[in-house]
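Undergrad: One structure follows; several queries about it will come next.
The values are calculated or read from the model by the stated rules, or taken from the named source; none is laboratory data. Bear in mind that the values here come from a model prediction, so they are computed numbers and not experimental data. Glycine also receives a Cβ, built like all others from the backbone with ideal geometry; neighbour counts cover every protein chain displayed. Just so you know, the surface numbers come from the protein's heavy atoms only, side chains and all, with ligands and any DNA or RNA stripped out. Shrake-Rupley method; radii C 1.70, N 1.55, O 1.52, S 1.80 Å.
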Amino acid sequence: MSADLTPPDIVRCAYLDLVVTDLARSREFYVDVLGLVVTEEDDEAIYLRTTEEFIHHNLVLRQGPVAAAAAFAYRVRTPEDVERAERWFAARGCRTERRADGFARGIGDSVRVTDPLGFPYEFFYEVEHVERLAWRYELHTPGSLVRLDHFNQVTPDVPRGREYLEDLGFRVTEDIQDAEGTTYAAWLRRKDTVHDTALTGGDGPRLHHIAFATHEKHNILSICDKLGALRLSDVIERGPGRHGVSNAFYLYIRDPDGHRVEIYTQDYYTGDPDNPVVTWDVHDNQRRDWWGNPVVPSWYAEASPVLDLDGNPQPVHERTDSSEMAVTVGADGFSYTRKGDEEKGFKLGTSL
């Protein structure tokens, strides 16, 4: 690649373009249950945003035949950065497609690319502004989702993905490794939080989850109470709990198509130039859950397909490095605390 090519200046993750197989059912989940705000909708797509957002949307739900992620979209700092993105990826041999009027309503000049890992990325600057609802307290629910926080991507080769994203201008905040040097996951950011996206080692490319932030952990507990009241608690896959990685309080739920959504809050500031990278031992069970609760196998194994620029599912490639689940989950199907620790206390597997 030519040394004079400058990568785009990425501001933040901005929206996910998500294909669903039943738009009405998905609307019930994301709007009626989770409380995302409808900006626009028609028979083919629904454009949703969080309460503090001023751009047109943070999530697009599109009716389609295969439930999959169509684009991970990032806002860039200037209109010229769209051109930089197109040239930077083309120079790496990646397929690109540019649309002056955007790929989604409310978005202007944009470029979509198939990145070196096989993920569909989008970069845009021009956007339609909408009402920011931060002051519209009469519309807020106890579990209000206030911001899009991050994506999480499953890829077979985390070090390769980490190197490419660092070249693109992302900075690593945390990772998971073992004594042999295998990297199992990495968290990378553009805004001054723990991450805008994360790379989870596994068969890919696939979407692991999209994450929305609340203000406080009691908002997440309110979502759990609401799910229980609606007899929908079976959509809870994992949590609520607190991560070691990122220090955030979390909840993982699954939408009607199985797409995973994380509700996330209370991570930390990372904006200083010498912000240290936190490295976790893969055998430290507090990396994934600070309280030592087991991680359910579906969380490691299941994820959503991603599409190429023609709308076709990308082929999934097998991870050849060690699997995080394989090296940390015991014979009873539940994770242990640390390598060499004496087993003590109660584990969920003991009660089954």
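Undergrad: What net charge is computed for the residues neighbouring LEU133, neighbours being all others with C-beta under 11 Å from the C-beta of LEU133, Lys and Arg scored +1, Asp and Glu -1?
TA: Details: positive: ARG49, ARG132, ARG136; negative: GLU52, GLU53, GLU131, GLU138.
So the environment of LEU133 carries a net charge of -1.
Undergrad: Report relative contact order for segment 10-305 in percent, whole number only (criteria: Cα-Cα under 8 Å, sequence separation at least 6).
TA: Working: 702 pairs, mean separation 49.9, N = 296.
So the answer I get is 17 percent.
Undergrad: How high is the FRET efficiency between ASP167 and ARG25 when r is their beta carbon distance and R₀ equals 35 Å, given to the nearest 0.05?
TA: Details: r = 40 Å, r/R0 = 1.14.
That pair, ASP167 with ARG25, gives E of 0.30.
Undergrad: Another question about this same structure. Which of VAL76, LEU230, GLY106 sits farthest toward the positive end of the charge dipole of the chain, with +1 on the Cβ of Lys and Arg and -1 on the Cβ of Asp and Glu?
TA: Ranked along the dipole, the leading option is LEU230.
Undergrad: Distance between the C-alpha centers of segment 1-77 and segment 162-230? Whole Å please.
TA: Each part reduced to its Cα centre gives a spacing of 17 Å.
Undergrad: Moving on. Return the carbon/sulfur percentage of the accessible area of segment 179-292, one whole number, probe 1.4 Å, all protein chains in place. Write down the numbers at each step before the final one.
TA: Details: 2100 of 4200 Å².
Result for segment 179-292: 50 percent of the exposed heavy-atom area is carbon or sulfur.
Undergrad: Enumerate the calculated ³J(HN,Hα) couplings along segment 319-327 in order (Karplus 6.51 cos²θ - 1.76 cosθ + 1.60, θ = phi - 60°), each rounded to whole Hz, writing x wherever the residue is Gly or Pro.
TA: Listing the rounded values in order: 6, 9, 5, 4, 8, 4, 5, 5, 8 Hz.
Undergrad: Would you mind working out the magnitude of the charge dipole of the chain relative to its Cα centre, with +1 at each Lys and Arg C-beta and -1 at each Asp and Glu C-beta, to the nearest 20 Debye? Walk me through the numbers before you get to the answer.
TA: On the way: 39 positive and 61 negative charges, 96 e Å.
The dipole of the chain has a size of about 460 debye.
Undergrad: Nearest-5 percent of antiparallel DSSP beta bridges in segment 10-305? Walk me through the numbers before you get to the answer.
TA: Details: 56 of 78 bridges.
Looking only at bridges with both residues in segment 10-305, the antiparallel portion is about 70 percent.
Undergrad: In a shell of Cβ-Cβ distance under 9 Å around PRO142, excluding PRO142 itself, what net charge do Lys and Arg (+1) and Asp and Glu (-1) give? Don't jump to the answer; show the numbers that get you there.
TA: On the way: positive: LYS226; negative: ASP225.
Net charge around PRO142: 0.
Undergrad: Under a 1.4 Å probe, what is the accessible area of segment 10-305 per residue, stated in Å²? Mind showing how you got there, number by number?
TA: Values: 11060 Å² over 296 residues.
Heavy-atom SASA per residue in segment 10-305 reads 37 Å².
Undergrad: Excluding HIS218 itself, what net charge comes from residues whose Cβ is under 13 Å from its Cβ, given Lys and Arg +1 and Asp and Glu -1?
TA: Details: positive: LYS217, LYS226; negative: GLU216, ASP225.
Local charge sum for HIS218: 0.
Undergrad: Where does the chain land at 222 nm, in deg cm²/dmol rounded to the nearest 500, when only DSSP H runs of n ≥ 4 count, each adding -39500 (n - 2.57), divided by all residues? It would help to have the intermediate numbers written out before the result.
TA: Working: 6 runs with 50 residues, N = 352.
Helix-only estimate at 222 nm: -4000 deg cm²/dmol.
Undergrad: A further question follows. Taking H as built 1.01 Å from N, whose amide H comes closer than 5 Å to the amide H of THR173, not counting residues under 5 places away?
TA: Amide H to amide H, under 5 Å and 5 or more residues apart or across chains, THR173 pairs with TRP187, LEU188, ARG189.
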